[in-house]
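Derivation of every value follows stated rules applied to the coordinates shown; laboratory data play no part. A quick note: this is a predicted structure, and the numbers were derived from the prediction, not measured. Reconstructed Cβ throughout: ideal geometry from the backbone, glycine too, with neighbour counts over all protein chains shown.
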Amino acid sequence: MRFLRGLFSGLGLTLLAILVLVFSVCAIVYSTAGNPSFVKGVADSSGLYDNFVESTLEYVATQTLTEDEILEAETDSGEPPTKDEGEGDGISDERAAILPDLTPTFQRVLTPERLRSTVETVFDGLTGWLKGDTEDIEFTIDTAEIRGDLTVALADYMEQRVADLPPPPRGASMNDYDPLTAEYAPRDPLSREQLELIAADLAVEMPFMDKDVTTGADLPDDLTDNDTLQTAQKAFWWGRVGVIVFACLLVAGSALALAFSHDRRRVLRRLGHVVVPSAVLLLVGGAVLALFVANLDAFGGEETSAAREMFDQAITLPLWDSLFTGVGSVVLGFGAAWAVVALVCYVLGYVLKRRQRDAVPPTPATGVPSDGAAPHSPQSSAGPPADPSSDPTSPQDNIS
């Protein structure tokens, strides 16, 4: 029976040594990638919603092809690239060039709160699909309301801009007059309705603004068939199942180690030894992620355009920093939790040791003393026994 106890105890502790780290990895993945609150927090702390409008408009404007670039750049077929092959699809080069001037106007409509609500709606739809709750990515965004507010804001901007322009000189061509790019005021004042029609035309040219409602069905058809997303969906499911399975195995392993051991104090101490390496590994790994990986310029080695570099500095790199800082904090949290578990095991082992020591019964007076010395009898303490013949009262004397 003692042999079986030792065998099951050793198997349980070996199992725990493996399960602690595997469970930690599954729990970390599930609590980060599988947690909508974590993903939303990463986007929020990165400053995405504060910088998105300005950075995106700057990026589209600087990516616009000039006439010389259009003549120099050719497609594989030998034809100049069309708008569908370049950045800023649907927006004319002239209008794209003045997009940075429209930044305050767009920011008035696309506030950080509105952007946050829109992006989090998409996150919720994506998370539901990853969890398997829905067959497709489902979300609904009222783009008609956004387009209407943007139309009004652009009309206000054009109205003010045209009012500040100088009158046209004699002979200046006013054909195809565009209040967004014109250098002079129109000869005939533009009505509010005309300005709103022009503004609505520009608003429709913005991505996803050509529909009244944007849903998950408007995403590219092959998005949910993408191998990466399919793999992510499977990994998400296995991660969620793994957390439950490995947690049960951890509890079972601990119970086996304690139930089949004759010395639970020693088992608790060994449990602490098993947990300590995982705690140290997680603490070091979390610190590396939060302090070093998060601050790496992961996109600095590639040759990119100035526009892309500016966009990366304002959007991509802050997202990278926020992501790995958050993941590192979660890893550090798990490391600290396991360190506490190890400390509890050591403390409980010490308490059991003290209780076992206090439970030893006191040594009886006639028993063997605790120092291992031979017992003392009253006769031995009084010296050797007296010779009966030397006693004057001995019966032998009386007989003689």
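What to note about this one:
- Among the trypsin sites (Lys or Arg not before Pro) found in the stretch 130-188, those both in a DSSP coil and sparsely packed, with 13 or fewer other Cβ atoms within 10 Å of their Cβ, are R170, R187.
- Local electrostatic count, T103, Cβ distance below 13 Å [Lys/Arg +1, Asp/Glu -1]: -3
- Förster radius 22 Å - calculated FRET efficiency between S117 and I244, Cβ distance, rounded to 0.05: 0.10
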